[in-house]
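Please read the structure below before turning to the comments.
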Amino acid sequence: MNQLWRTATAARITGERSRRLAARLLAVLLLAGILPVLAATPAHAVGICQTTDANPVLPRGTFLCGDGYALLLHRYDNRWHAFLVGTDRSNTIYHTWQSTPNLGPEQAGYRQSWTSLGGSGRGPISAHNYTRNGGKALAIAVRFPNGSNYCKNYNGNNGGAWWPGPTDWVFSTSAGCVFP
């Protein structure tokens with residue numbers, strides 16, 4: 001009985017010490033101004049999704065999803081193009097497209113692999129079509145880890161290819177792409 005009383009007393013003292021330590025830590029965090037910053041930082045619900053769950057005819061792969069991240073299907077030049085932020089270490093931007101024109105987005109005809117466009121995405125990808133020198137062009141934009149928007153275009157500055165290069169991107173001062 002005496003041993004049980006000592007154990008219960010030790011547990012009560014340890015619990016009281018833990019509560020006092022937690023109260024002191026909370027006071028230090030409040031005084032240092034750290035706790036309000038931590039409380040104001042939203043929790044991000046970014047997950048990993050399978051491409052074939054998003055669209056069963058796409059090549060297999062994984063991508064970041066949630067909190068603005070998504071698989072983007074965009075129609076350009078009578079074909080559907082798919083863009084995503086990959087789950088590799090640098091969150092590279094990937095692209096695939098339909099080899100056969102005039103099909104629906106959920107119909108077969110996509111290439112069987114993903115092509116790296118380089119970069120490092122930290123947000124959703126956007127795309128828009130535009131006309132340049134009388135021809136069709138495609139621009140895509142994404143936010144990089146430094147918080148800045150970066151862009152590239154297809155057919156706009158370099159007929160039949162990505163500009164500024166297959167895996168290069170150009171800084172943009174706007175959320176969309178504006179090319180010279």
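For beta carbons closer than 7 Å, sequence separation of 6+ or different chains, a first residue in the stretch 66-94 that is farther than 14 Å from Leu117 by Cα and a second that is at pLDDT below 90 and among the β-branched types (Val, Ile, Thr), the qualifying pairs are Gly66/Val46; Asp67/Val46; Tyr69/Val46. Applying the criterion of being touching a Lys or Arg at 6+ places or on another chain (Cβ under 8 Å) and assigned to a strand (DSSP E or B) to the residues of the stretch 90-100, the residue that is surrounded by the fewest Cβ atoms within 10 Å (Cβ to Cβ) is Trp97. For first residues located in the stretch 155-179 and closer than 17 Å to Trp97 by Cβ and modelled with pLDDT of 70 or more, partners that are surrounded by 13 or more Cβ atoms within 10 Å (Cβ to Cβ) and of a type in the set (Ser, Thr, Tyr) and lie 6+ apart or on another chain with Cβ distances below 7 Å form the pairs Trp162/Tyr154; Thr167/Ser116. Restricting the stretch 50-63 to residues that are hydrophobic (A, V, I, L, M, F, W, C) and modelled with pLDDT of 90 or more leaves a set whose member that is nearest to Ser126 (Cα to Cα) is Phe63.
For Leu103, the conditions (1) assigned to a strand (DSSP E or B); (2) of a type in the set (A, V, I, L, M, F, W, C); (3) closer than 18 Å to Asn55 by Cβ are fulfilled apart from (1).
Tallying residues that are at pLDDT 90 or above and out of contact with any strand residue (DSSP E or B) (no Cβ under 9 Å at 6 or more places or on another chain) within the stretch 118-143 yields 0.
Within the set Ala82, Ala127, Ala108, Ala141, the sole residue that is surrounded by fewer than 18 Cβ atoms within 10 Å (Cβ to Cβ), in the same structural domain as Pro166 (by TED's automatic domain parsing) and not basic (Lys, Arg) turns out to be Ala108. Taken over the stretch 72-89, the criterion of being over 16 Å from Pro145 (Cβ atoms) and either assigned to a strand (DSSP E or B) or of a type in the set (A, V, I, L, M) (or both) is satisfied by Leu72, Leu73, His74, Arg75, Tyr76, Arg79, Trp80, His81, Ala82, Phe83, Leu84. Within the stretch 118-144, residues that are free of Cβ contacts under 8 Å to residues at least 40 places away in the same chain sit with their Cβ atoms under 9 Å from residues that are loosely packed, with under 14 Cβ neighbours inside 10 Å and of a type in the set (Phe, Trp, Tyr), at 6+ positions apart or across chains, in these pairs: Phe144/Phe171.
The values are calculated or read from the model by the stated rules, or taken from the named source; none is laboratory data. Nothing here was measured: the structure is a model prediction, and the numbers come from that model. FYI the Cβ positions are ideal-geometry reconstructions off the backbone, even for glycines, and counts take in every protein chain you see.
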